[in-house]
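Report on the structure given below.
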Amino acid sequence: MNAMPQNFYEEEEANAILKLASQKSLMGGLSRDQLLASAAELGISAEAVEEAEATYRNDVSENLLRKEYDRAARREFLSSFTTWLIVNAFLVFIDFRNSGEITWAWWTIGPWGFFILMEIPETFFKGSKDYEKHFQKWLRKREKRLAERSSMSVVDDSA
């Protein structure tokens, strides 16, 4: 049997190899006790594993919240754009019907359209400052709504 040559692996390489090996050998999953035992074999403390678990859960939770926000922001943008389109089509129709050309309808198409365009970064560009600012604002509103619902359900239960 050929012995594998002794190699030195950089941290990134070692992490990648271990990740691939664990994915192949742990297809059925791993209990928490097994996870802690494996970590102990690698010299990783239980506290470090617990901290990594908390970080992982927070990351997953935040990703789910961001997906929920993305859906809500796209729905809101689509609703605003659809309203702008319908109203302005109606105004153009009236303007054109009365004068044979578009004269005053531009006064609503332009400014309102500008504000619709200003919603694009917060809706679609996840790396923008506007996106993060609006996500945090949405998150605060969401938490407030959830708190109101839970307080209302407590009142309903006691009645």
If the Cβ limit is 7 Å and pairs must be 6+ apart or interchain, which residue in region 44-63 that is modelled with pLDDT under 90 pairs with which residue that is part of a helix (DSSP H, G or I) and surrounded by 11 or more Cβ atoms within 10 Å (Cβ to Cβ)? 46/36; 49/35; 49/36; 49/39
Residue 37 versus (1) of a type in the set (Gly, Ala, Ser); (2) within 31 Å of the chain's Cα centre (by Cα); (3) over 30 Å from residue 136 (Cα atoms): which is the lone unmet condition? (2)
Tell me, yes or no, whether region 35-43 has at least one residue that is among the hydroxyl-bearing types (Ser, Thr, Tyr) and modelled with pLDDT of 90 or more. no
Is it fair to say residue 10 is farther than 30 Å from residue 130 by Cβ, under 31 Å from the mean Cα position of the chain (by Cα), modelled with pLDDT under 95 and exposed (fewer than 12 other Cβ atoms within 10 Å of the Cβ)? no
Quickly run through region 85-98 and pick out the residues that are surrounded by 11 or more Cβ atoms within 10 Å (Cβ to Cβ) and over 30 Å from residue 135 (Cβ atoms). 89, 90, 91, 92, 93, 94, 95, 96
Flag if residue 103 is touching a helix residue (DSSP H, G or I) at 6+ places or on another chain (Cβ under 7 Å), within 30 Å of residue 62 (Cα to Cα) and among the polar types (S, T, N, Q): no
Tell me, yes or no, whether region 109-116 has at least one residue that is over 32 Å from the mean Cα position of the chain (by Cα), more than 28 Å from residue 68 (Cβ to Cβ) and surrounded by 13 or more Cβ atoms within 10 Å (Cβ to Cβ). no
So which of 62, 132, 122, 53 is closer than 30 Å to residue 35 by Cα, outside any loop (DSSP other than H, G, I, E, B) and within 15 Å of the chain's Cα centre (by Cα)? 62
Subset of region 135-159, residues at pLDDT below 85 and either assigned to a helix (DSSP H, G or I) or surrounded by 10 or more Cβ atoms within 10 Å (Cβ to Cβ) (or both), comes to 150, 151, 152, 153, 154, 155, 156, 157, 158
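The values are calculated or read from the model by the stated rules, or taken from the named source; none is laboratory data. This one's a predicted model, so the numbers in the text were calculated from it and none came from an experiment. As a convention, Cβ positions derive from the backbone with ideal geometry for all residues, glycine included, and neighbour counts pool all protein chains shown.
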